[in-house]
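Engineer: The structure follows.
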Amino acid sequence: MTTQPPFTELDLNAIAVRRWVDRSDFTEAEFERARAFYEQMRVHDDRLEQVRAEAADRIIEWTGHKPRDVGSFGTRLNLETSDLDLGIGYPVEDRDRLREVLAPHTTFLGERKTSFSTSRLVFSFTLEGIEIDLSALTVEDFTVACRMLDQIDTTMTPDERIAHTWVKHLLRSSGRTKEYATWKLTTYARFCPEFNWVPIPEKTGA
C-alpha cells in the first residue's frame, strides 16, 4: 500500500495518471520546496560531469564511437541516486563485434525493444562507484534519440524541470515504484512518441 507524503500539496494520483506536471499544479509554497530540492540535486553536477567524461573516454576507446548522455543527468532531471546512461549509434551488422569488444569491460544486461521494429543492446560498468549503463542503438534510432534530446534541451523550461524532478522525488520517496518507473519516462515519451517507452524494473538508480 502506498501513501501520499504529508509534505506535498500536489495531487500525485492525478499527476501520475496525466503523466505530466505543470507549474499551475503547484502552490507557491510547494514550488519553493520543489525549487530548493532541485538546487540540492545540482550540487552533484560537477562530480557527475567528471565521471561522465571519463566514462565517455573509455567508451570511445573501447568502441570507437562517441556517446551521448541519454539519461536523466543529461536532461537535468536526476535525483541524487541517479546512475549515468550513455548511448551510442552502432550498425546492426556490427553488434556481435560490439559485444566482443565490450565483454572484457562491461556486463551485458540484454537486448531491449526500442521501437516496434528495432532494439538496443544494453551494457553496464561501474566507475567511481557510479553505475554506467551504455545503450547501443541502431544508427537511425540514435539519430532520433539525439533529436529528441536536443528538443528537450531547448524547449523544456526550468520550471518544468523543477516540477518534474519534484514529482519524481515524491513518487520514489513514497514507495510508488511502478508509478515512479513510468514517471521517469514521461519526458522522453512526450518528445519522442515513436519509441517504445516501457518501464524497466527498478534497480538502485534514478
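The values are calculated or read from the model by the stated rules, or taken from the named source; none is laboratory data. Quantities reported herein were computed from a predicted structural model and do not represent experimental measurements. No Cβ is skipped: glycine too gets one built from the backbone with ideal geometry, and neighbour counts run over all protein chains shown. Just the protein is used for accessible areas: all its heavy atoms, side chains included, with ligands, DNA and RNA removed. Shrake-Rupley method; radii C 1.70, N 1.55, O 1.52, S 1.80 Å.
Engineer: Sum up the lysine pairs in the stretch 58-206 that clear both bars: alpha-carbon distance under 18 Å and a spacing of 8 or more or different chains.
Structural biologist: Number of lysine pairs found: 6.
Engineer: What does the helix-only formula give at 222 nm for the chain: each DSSP H stretch with n ≥ 4 adding -39500 (n - 2.57), the total divided by the residues, and the result rounded to the nearest 500 deg cm²/dmol?
Structural biologist: That calculation yields -14500 deg cm²/dmol at 222 nm.
Engineer: If Cys192, Cys146 are ordered by their accessible area, calculated over protein heavy atoms with a 1.4 Å probe, which sequence runs from highest to lowest?
Structural biologist: So, going from the largest accessible area down, we get Cys146, Cys192.
Engineer: Determine the share of the chain's accessible area contributed by carbon and sulfur atoms, expressed in whole percent, with a 1.4 angstrom probe.
Structural biologist: 52 percent
Engineer: Leaving out ligands and nucleic acids, and using a 1.4 Å probe, what accessible area per residue does the stretch 1-68 come to in Å²?
Structural biologist: Value returned for the stretch 1-68: 63 Å² of accessible area per residue.
Engineer: Local charge sum around Leu134 (other residues, Cβ-Cβ under 14 Å, Lys/Arg +1, Asp/Glu -1)?
Structural biologist: -1
Engineer: Report the far tail of the P(r) of the stretch 71-206, meaning the percent of Cα-Cα pairs longer than 20 Å.
Structural biologist: Beyond 20 Å sits 48 percent of the P(r) for the stretch 71-206.
Engineer: How large is the Kirkwood hydrodynamic radius of the stretch 1-143, counting all unique pairs of alpha carbons, in Å?
Structural biologist: For the stretch 1-143, the Kirkwood estimate is 17.4 Å.
Engineer: With everything on Cα atoms, drop me the angle between helix 158-173 and the longest principal axis of the chain, reported from 0 to 90° to the nearest 10.
Structural biologist: Orientation of helix 158-173: about 90 degrees from the principal axis.
Engineer: Still on this model: Bin by bin, in steps of 10 Å, what percent of the Cα pairs in the stretch 1-82 do you find, going until the bin that has the longest distance?
Structural biologist: 14, 33, 28, 17, 8
Engineer: Same structure, new question: Run through every distinct alpha carbon pair of the stretch 92-166 and return the Kirkwood hydrodynamic radius in angstroms, one decimal place.
Structural biologist: It is 14.5 Å.
Engineer: Using Cα-Cα distances under 8 Å and only pairs 6 or more residues apart, what relative contact order does the stretch 54-205 have, in percent?
Structural biologist: Computed over the stretch 54-205, the figure is 23 percent.
Engineer: Would you give the gap between the C-alpha center of the stretch 54-132 and the C-alpha center of the stretch 157-177, rounded to a whole Å?
Structural biologist: 25 Å
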